[in-house]
Amino acid sequence: MDYQMEFAALLEKELHEHSQQDISKMIEKPRYDQQGDLAFPCFTLAKIYRKSPAAIAEGLAGRIQSSHFVKAEAVNGYINVFINKTEAAANVIAAILREGGEYGKSDIAKGSVITIDLSSPNIAKPFSMGHLRSTVIGNSLSLIAEKCGYRTVKINHIGDWGTQFGKLIVAYKKWGEEEKVRANPIKELLNLYVRFHKEAEIHPELNDEGREWFKKLENGEEEALELWHWFKEESLKEFAKVYELLGISFNSNHGEAFYNDKMEQVADELKEKGLLQESEGAQIVPLGEDMPPCLIKKKDGTTLYATRDLAAAIYRQKTYGFTKSLYVVGAEQTVHFKQLFAVLEKMGYPWHKGMTHVPFGMMLKGNKKMSTRKGKVVLLEEVIKEAIMLAEENITEKNPDLANKKEVARQVGTGAVIFHDLKNYRMNDIEFSLTDMLRFEGETGPYVQYTHARASSLLKKGNFTHTPEPFVNGEDANWPLIKSLAAFPEVITHAFEKNDPSQVAKYVLELAKKFNKYYAEVRILADDPCKQSRLTLVATVKTVLEEGLRLLGIAAPEEM
RNA sequence: GUCCCAGUAGCUCAGCUGGAUAGAGCAACAGCCUUCUAAGCUGUGGGUCGCAGGUUCGAAUCCUGCCUGGGACGCCA
């Protein structure tokens with residue numbers, strides 16, 4: 001039952017100048033409960049009918065009659081209607097019981113493919129807090145897309161190619177020691193990387209050496225390749241630990257290097273299509289006034305990441321036939337993606353229209369960007385481990401007999417870290433704060449998980465069983481919950497359209513808050529005729545909380 | 001210099017396809033566990049919605065200018 005459309009249909013009978021669709025768009029959800037469930041503002045009608053909004057509202061309110069609404073009243077130029085709670089409750093509850101975890105799914109995609117470029121850490125650099133953002137946002141978006149009927153392909157486009165490796169090789173050859181790197185690869189490689197940039201400030205010629213070594217790498221010289229391969233292996237091992245802790249996996253791990261043998265074709269194709277020009281010794285595609293030109297090859301003939309991204313996009317289209325393709329990459333790379341999409345358009349690929357850069361703000365420290373080159377990074381793995389430890393302490397204190405303590409601690413600890421990242425709009429910069437990240441109270445992941453665990457516990461204690469004809473009345477205590485439960489499907493589509501997981505995070509918080517309020521006010525397990533009805537409501541809340549958390553990439557333990 | 005993003009309570013943020021009384025969490029203070037997990041609930045205080053114009057019956061929300069912070073602007077990714 002779509003109450004908004006029903007309300008619009010009733011209004012349309014009275015307002016012939018407006019279509020049902022238009023009216024539906026004008027209908028709002030009032031902020032305060034006393035204002036009813038749906039509201040129609042009459043201000044814009046005042047001019048047409050030459051009557052005051054209040055008078056119009058008065059006139060219309062009396063004509064709103066339907067079994068779906070119990071009341072319609074005119075207030076301050078609005079018509080406020082009150083939904084038939086018993087009917088609405090029955091519909092929502094039945095839908096959730098019937099669909100379970102499928103509740104809220106849609107099929108707007110009709111099984112078409114969406115590729116999502118996410119995480120994409122750089123080899124030989126530690127997995128920093130900054131990469132966490134891309135990883136968890138991308139992962140959640142892929143889960144949301146799946147819920148909307150897409151076949152998703154998560155691609156970890158690992159940064160395993162580029163001039164930086166030339167630099168790293170130079171640093172290793174000058175100052176590196178094999179045993180040290182073997183013992184503690186990431187840390188030692190980072191030290192070398194940091195040292196390189198420090199020394200390059202005084203001796204800029206080091207940068208030239210770095211470029212030379214990258215050229216050797218691109219030419220496939222053995223020494224360069226061997227070192228590169230080694231650095232890569234060590235880094236991948238390190239990343240795997242983080243992904244395991246987070247519970248995130250990928251459908252493709254093709255990094256930049258994978259496209260090495262595909263870039264020449266791109267350059268050729270650009271040339272054939274007459275897009276390539278030489279400028280200051282480099283090969284470029286000019287993109288007009290609005291954008292800087294896209295660099296395809298440097299004057300020494302080596303490639304740039306734009307070249308690799310072009311090759312990757314073409315490869316992905318060929319391999320997956322995507323209709324949509326998301327790049328979950330920091331906002332500072334906005335121009336790069338504009339260029340990338342513009343070049344694809346010039347190449348005549350219509351599918352460039354399905355490509356979207358999903359930017360996000362930075363992790364700041366002391367209002368400054370955390371710079372890898374200066375060694376100012378916080379290691380994600382350490383933060384996650386800390387969160388897990390803290391979660392375990394909490395369990396030991398509050399629920400010492402919990403069976404699978406370790407696993408629940410992992411779920412809650414990572415839940416805190418992931419939720420902390422996803423609860424706010426992704427474009428906001430985040431000031432890194434360990435205390436905020438490890439908070440388990442208030443608007444946090446553990447708060448939602450805790451609420452879910454409470455619901456689970458009630459169902460167990462109350463011996464809840466699915467009844468074929470669930471009855472949950474829409475009494476006032478239930479109503480806020482019913483309304484929230486009904487909103488879940490539209491929250492998901494909205495989150496997908498905006499590429500915004502925080503919509504789901506905020507929703508799940510709101511539902512948890514309402515449930516905790518209900519929990520405090522109503523004795524759910526009281527032995528009276530309505531007990532099963534209350535438990536049914538609890539069951540649906542549990543289902544939706546669990547599903548909401550799942551869409552964020554967060555587990556919902558039964559107990560904690 | 002040009003372009004992009006942000007500026008709402010002490011702090012972190014919601015609200016921004018314009019609407020009726022601007023909301024949470026944290027922090028502070030005061031309550032609530034002999035009854036369903038207190039990782040919870042209830043209450044109190046706290047706001048020139050960066051500033052100035054404009055559009056509108058109506059602006060935190062849209063437009064313009066300015067201020068502040070951050071970012072990006074051809075051989076890094």
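The values are calculated or read from the model by the stated rules, or taken from the named source; none is laboratory data. Owing to the predicted nature of the structure, the values given are computational and were not obtained by experimental measurement. Please note: Cβ atoms are built from the backbone with ideal geometry, for glycine as well, and neighbour counts cover all protein chains shown. These accessible areas exclude ligands, DNA and RNA; they are computed on the full protein's heavy atoms, side chains included. Shrake-Rupley method; radii C 1.70, N 1.55, O 1.52, S 1.80 Å.
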Cα pair distances in chain A, grouped into 10 Å bins until the bin that holds the longest one, percent each: 3, 15, 21, 22, 17, 12, 7, 3, 0
Shape of the range A:386-552 from its Cα gyration tensor (a ≥ b ≥ c, root eigenvalues): rounded if a/c is under 1.5, otherwise prolate when a/b > b/c, or oblate? oblate
Between 0 and 90°, nearest 10: helix A:380-398 axis offset from chain A longest Cα axis: 40
When the charge dipole of chain A is computed with +1 at the Cβ of Lys and Arg and -1 at the Cβ of Asp and Glu, the Cα pointing farthest to the positive end, of A:G288, A:F40, A:Y327, is that of A:F40
Between 0 and 90°, nearest 10: helix A:263-272 axis offset from chain A longest Cα axis: 90
Roughly what % of DSSP beta bridges within chain A run antiparallel, to the nearest 5? 55
How high is the relative contact order of chain A, in percent, counting Cα pairs under 8 Å that sit 6 or more residues apart? 16
At 222 nm, what helix-only mean residue ellipticity would chain A give, in deg cm²/dmol to the nearest 500, using -39500 (n - 2.57) for each DSSP H run of four or more? -17500 deg cm²/dmol
Set of aspartates and glutamates near A:K174 by C-alpha distance (under 13 Å), chain-local residues within fewer than 8 positions excluded: A:E199, A:E209
Could you work out what % of the accessible surface of chain A is carbon and sulfur, using a 1.4 angstrom probe and leaving DNA, RNA and ligands out of the count? 49
Looking only at the range A:113-369, where both bridge partners belong to it, what percent of the DSSP beta bridges are antiparallel (to the nearest 5)? 35
Rounded, prolate or oblate, given the Cα gyration tensor of the range A:188-285, with a/c below 1.5 counting as rounded? oblate
Once you list every other residue whose beta carbon is under 11 Å from the beta carbon of A:L509, what net charge do they have if Lys and Arg are +1 and Asp and Glu are -1? +2
Mind running the shape call on the range A:113-369? Use the C-alpha gyration tensor, a ≥ b ≥ c as the square roots of the eigenvalues: rounded below 1.5 for a/c, prolate if a/b tops b/c, oblate otherwise. oblate
Mean projected area in nm² (Cα convex hull; one quarter of hull surface) for the range A:265-381: 9.8
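Kirkwood Rh and Cα-based Rg: tell me the resulting Rg over Rh for the range A:3-83, rounded to two decimals.
Ratio of gyration radius to Kirkwood radius for the range A:3-83: 0.92.
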Give me the angle, in degrees from 0 to 90, between the Cα long axis of helix A:305-320 and the longest principal axis of the Cα atoms of chain A, rounded to the nearest 10. 50
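What pairs from A:K167/A:K365; A:K232/A:K318; A:K173/A:K271; A:K105/A:K125; A:K216/A:K324; A:K125/A:K423 go past 30 Å between their alpha carbons?
The pairs that break the limit, which is 30 Å between Cα atoms, are A:K173/A:K271; A:K105/A:K125; A:K216/A:K324.
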Between the range A:171-188 and the range A:465-521, what is the C-alpha centre distance in whole Å? 53
Percent of Cα-Cα pairs per 10 Å bin, from 0 to the last occupied bin, for the range A:100-155, please list those. 24, 41, 23, 11, 1
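If you add up the charges near A:D309, with Lys and Arg at +1 and Asp and Glu at -1, over every other residue whose beta carbon is less than 13 angstrom from its beta carbon, what do you get?
Values: positive: A:K262, A:R308, A:R316, A:K338; negative: A:D117, A:E256.
Local charge sum for A:D309: +2.
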Set Lys and Arg Cβ to +1 and Asp and Glu Cβ to -1, take the dipole of chain A about its Cα centre, and tell me which of A:I388, A:T302, A:N207 lies farthest positive. A:I388
With contacts defined as alpha carbon pairs under 8 Å and 6 or more residues apart, what's the relative contact order of the range A:3-83 in percent? 28
Over the range A:511-560, what lengths in whole Å, largest first, do the semi-axes of the equivalent ellipsoid take, defined as the square roots of 5 times the eigenvalues of the alpha-carbon gyration tensor? 23, 11, 9
If you count only protein heavy atoms with a 1.4 Å probe, what accessible area per residue comes out for the range A:3-83, rounded to a whole Å²? 57
If we count every other residue with Cβ under 11 angstrom of A:S112's Cβ, Lys/Arg +1 and Asp/Glu -1, where does the sum land? +2
